[in-house]
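Data first, discussion second: the structure below is written as structure tokens.
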Amino acid sequence: MKDQQINLPYIDQLLTLLDTGHPEVDLAFGRHVHWGYWFNPEQALNTPEDFSKAAEHLTREVYSAANVKNGQDVLDVGCGLGGTIASLNEQFSQMNLVGLNIDGRQLEQARKKVIARDGNTLRFEEGNACMLPFPDQSFDVVLAVECIFHFPDRRQFFQEAFRVLKPNGRLALSDFIPVDWFLPLVWYAKPPEGFYGYFDIGYTTKSYCKLAAETGFDQLLERNITVNTLPTYKFLQSMKQYLKLDVDLFSALSQTLILEWVSRLELIRYMIFSFRKQ
Ligand SMILES: C[S@@+](CC[C@H](N)C(=O)[O-])C[C@H]1O[C@@H](n2cnc3c(N)ncnc32)[C@H](O)[C@@H]1O
């Protein structure tokens, strides 16, 4: 599946910064490319070290929702630079770990960084989360950490996750979720593709509930962690010095600022979900 194209300017920018050697960017985003999770948000330090720890915590919160155990077959879709696979590789043994990404450049980085240990096997594959290049019933767990809003179709992804999961297998993901009454505004004010590329944050908790039932999943968990992620925004502001002039600076700053305020007002929530294949 090597002919897939994706336009995500924030990823292009990150790969350039990592390539040209920026230790602070590497520390903050060289492993995980997602928001942080602070157990005590008021104690956030706003440093790359602190942010990298918070990003690691967020990953663990998502895979804990899938009740990952030693010896499992785990697929991480939209795996970024391999941070979730790296974390699973460090925390568990006898695992078969597979990271999938539509962007081969990120996979190259992941392959360089993550080395299998403790009886684990791991591989990174190029492909689209909505057309998974794996046989039926091949995984115990499917993860999608902060990436589903980029996928062309959530329903197709759920059907594919259902197909590749073994019976009783689990799917866990994190996503930005509008409250019901705010949804029409999300549709109406849909921004043009900018710094964050194509994204669709038009799925509510009810939409997930319905989708899960229609695709054959039982919903196990629906958890609002917005408050724990809020220090991310202050940290992102402190990183704007690294944005190159060739990116659409206005789009980068305005999209992040809008997301910050709708999150602070809990009009859009950062949520973790988990589901079990019936
Ligand atoms: C915000 S990043 C999250 C990366 C990673 N999950 C993490 O948490 O570090 C979103 C990721 O989704 C990937 N992605 C976007 N659309 C995809 C698709 N249709 N299939 C597979 N991966 C996709 C992007 O290339 C990017 O790596």
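Does any residue of the stretch 27-34 turn out to be more than 10 Å from the ligand (Cβ to nearest atom), among the basic types (K, R) and at pLDDT 95 or above? No, the conditions are met nowhere in the stretch 27-34.
None of A129, A116 is buried (at least 21 other Cβ atoms within 10 Å of the Cβ), part of a loop (DSSP other than H, G, I, E, B) and not basic (K, R) except A129. When residues in the stretch 106-121 are screened for being within 15 Å of the ligand (Cβ to nearest atom) and either in contact (Cβ under 8 Å) with a residue 60 or more places away in the chain or touching a strand residue (DSSP E or B) at 6+ places or on another chain (Cβ under 7 Å) (or both), 7 of them pass. In summary, S263 fulfils each of the numbered conditions (1) assigned to a strand (DSSP E or B); (2) in contact with a Lys or Arg (Cβ under 8 Å, 6 or more places away or on another chain) with the single exception of condition (1).
F162 - would you say it is over 15 Å from Y63 (Cβ atoms), buried (at least 16 other Cβ atoms within 10 Å of the Cβ) and aromatic (F, W, Y)? Yes: the conditions hold for F162.
Scanning the stretch 52-86 for residues that are farther than 28 Å from K277 by Cα and more than 13 Å from the ligand (Cβ to nearest atom) returns a single hit, K53.
Go through the residues of the stretch 169-179 one by one and say whether even a single one is surrounded by 13 or more Cβ atoms within 10 Å (Cβ to Cβ) and hydroxyl-bearing (S, T, Y). Scanning the stretch 169-179 turns up at least one residue that is surrounded by 13 or more Cβ atoms within 10 Å (Cβ to Cβ) and hydroxyl-bearing (S, T, Y). Only residues that are farther than 20 Å from Q91 by Cβ, within 14 Å of the ligand (Cβ to nearest atom) and either in contact (Cβ under 8 Å) with a residue 60 or more places away in the chain or buried (at least 16 other Cβ atoms within 10 Å of the Cβ) (or both) were counted in the stretch 132-158, giving 13.
The values are calculated or read from the model by the stated rules, or taken from the named source; none is laboratory data. Small disclaimer: the values here were computed from a predicted structure and weren't measured. Reconstructed Cβ throughout: ideal geometry from the backbone, glycine too, with neighbour counts over all protein chains shown.
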